[in-house]
Amino acid sequence: MTTPTPEIRAAREALLLEVTQIPTAAGHEHAVMAFIDRWLAKHAKAVTTQRDDVGNYLITQRRHSGNAPLLIITAHLDHPAFVVTDVNGTTIHAAFRGGVNDPYFVGADIEIIGPGDARAQAVIKTLAADAKPFKEITAEVATHTSPSTSAPPAWLAAGCIARWKFPRAEIRDGLIHTDACDDLAAVAAALCAFGEMLHTDQCGHVGLLFTVAEEVGFMGAIHAARNAWIPKDARLLCLENSRSFPNDSPIGAGAICRVGDRISVFSPSLTNHLAHLFSAESKQNPAFKWQRKLMAGGGCEASAFACYGYQSTCICLPLGNYHNMVDIDGVAAGALPARVGQEFVSIDDYHSMITMLHIAARGIDTTLPESTEQLMERLYAERSFVLTKSRRDP
């Protein structure tokens, strides 16, 4: 499905808006899990679902063509956020699970989410940046009651999650501005692509893997890999949202076939195979845009899976306001004040990612006209005559 209808585009974008506003934190992904459970209930006859002991999902088609190894599309369910550890009157203590630079904390508004989607607002007062294993903050809760009452909401307790306080998400000027693109936009893309694939016979054996606690060191992915919970011969296509650099990985130029990260280079044969498929599609369909980049600024679960012997690579969305940090470089240089903001990605890039998933599923088991190894051998056979054997003078 390389050219979606307006109705399909609208449905994809509605799902994107809904999913990227769901509160989530590493180890506390229950609200996103509840959404996925509701989605699965609509497709129960077409899929098989497994859950491991930490909450990772593995979802596969009941009916598929061929006997090829499983192609697993992966995304993680968490985003950098706070977990409340203690409540003392109107003061809360919380740990921050994720990567955000120190200047962005003190003075920032956060919202605490409780049972039944109850909300309370607070302002960060202090930051213990060296606390282990996670940074810790104190924040003062706004009670929004009469002056004679200074009690926090009765539901507020240890275990609640909190996140930066932002306006409601919206799509404007071709971008979605929302709470958490990383990695919930990828979750939305994976659900859309997989749901569409369930109604076609043009793809092979495809599944979804949703992992937990990525933002604190790939914990869910490592747990699944080291316990061999997923088939060892599976090919993993990890979805991410990665910081955009305008002169290298611009927003709006298409989703990115990512060849590596700051940790490693991903599985070359799998990456090259997909890049060939995407290149071929772009020649046939000029409207299809994609990029091929390293994206070395952050880490990706593809590196974690590769360390445990899996074939893995990545498709990512170029991301603005990475981890909700506005003007990262200017703040680091001391030239601009730190402020948090909604993350944003291009709507067209989001559709590009879904198209790339369809292309991958349809073509991953095809034989390329020429592999990289065959290319090297052909070049040597054709041009090795230019080489001069080294000699030593007698």
Given (1) in a helix (DSSP H, G or I); (2) at pLDDT below 85, Asp393 misses just (1)
Restricted to the stretch 333-352 and to residues being farther than 15 Å from Val19 by Cα and within 19 Å of the chain's Cα centre (by Cα), the residue surrounded by the most Cβ atoms within 10 Å (Cβ to Cβ) is Asp349
(Q) Any residue at all in the stretch 318-328 that's assigned by TED's automatic domain parsing to the domain that holds Ala186, surrounded by fewer than 16 Cβ atoms within 10 Å (Cβ to Cβ) and not in a strand (DSSP E or B)? (A) yes
Only one of (1) more than 16 Å from the chain's Cα centre (by Cα); (2) assigned to a helix (DSSP H, G or I); (3) under 20 Å from Leu317 (Cα atoms) does not apply to Ala224, and that is (3)
Kindly indicate whether any position in the stretch 41-56 is assigned to a helix (DSSP H, G or I) and hydrophobic (A, V, I, L, M, F, W, C).
-> yes
Over the stretch 347-380, the set of residues in contact with a helix residue (DSSP H, G or I) (Cβ under 8 Å, 6 or more places away or on another chain) and among the aromatic types (Phe, Trp, Tyr) is Tyr350
Flagged pairs (Cβ under 7 angstrom, 6 or more apart or on separate chains; first in the stretch 320-345, touching a residue at least 40 places away in the same chain (Cβ under 8 Å) and over 24 Å from Leu184 (Cβ atoms); second part of a helix (DSSP H, G or I) and not basic (Lys, Arg)) are Val331/Pro103
In the set Val123, Val100, Val83, the lone residue that is at pLDDT 95 or above, in contact with a helix residue (DSSP H, G or I) (Cβ under 6 Å, 6 or more places away or on another chain) and of a type in the set (Val, Ile, Thr) is Val100
If we ask which residues in the stretch 52-108 are free of Cβ contacts under 8 Å to residues at least 12 places away in the same chain and not assigned by TED's automatic domain parsing to the domain that holds Ile328, their number turns out to be 1
Picking from Gly195, Gly220, Gly207, the residue that is in the same structural domain as Gln21 (by TED's automatic domain parsing), crowded, with 20+ Cβ neighbours inside 10 Å, farther than 29 Å from Val100 by Cβ and not hydrophobic (A, V, I, L, M, F, W, C) would be Gly207
Picked from the stretch 334-376 (must be over 16 Å from Ile171 (Cβ atoms) and among the acidic types (Asp, Glu)), the residue modelled with the lowest pLDDT is Glu370
message: Residue under question is Ile315, and the condition is that it be crowded, with 16+ Cβ neighbours inside 10 Å, of a type in the set (Val, Ile, Thr) and out of contact with any helix residue (DSSP H, G or I) (no Cβ under 8 Å at 6 or more places or on another chain); does it hold?
response: no
Worksheet item: Does at least one position in the stretch 299-311 carry a residue that is aromatic (Phe, Trp, Tyr), surrounded by 20 or more Cβ atoms within 10 Å (Cβ to Cβ) and outside any loop (DSSP other than H, G, I, E, B)?
Response: yes
Of those in the stretch 3-46 that are β-branched (Val, Ile, Thr) and loosely packed, with under 15 Cβ neighbours inside 10 Å, the residue nearest to the chain's Cα centre (by Cα) is Thr3
Picking from Ala14, Ala68, Ala75, Ala44, the residue that is out of contact with any Leu (no Cβ under 9 Å at 6 or more places or on another chain) and at pLDDT 95 or above would be Ala14
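The values are calculated or read from the model by the stated rules, or taken from the named source; none is laboratory data. Note that the coordinates shown come from a computational prediction; the quantities given were computed from them, not determined experimentally. A quick note on method: Cβ atoms are made from the backbone with ideal geometry, for glycine too, and the neighbour counts reach across all protein chains shown.
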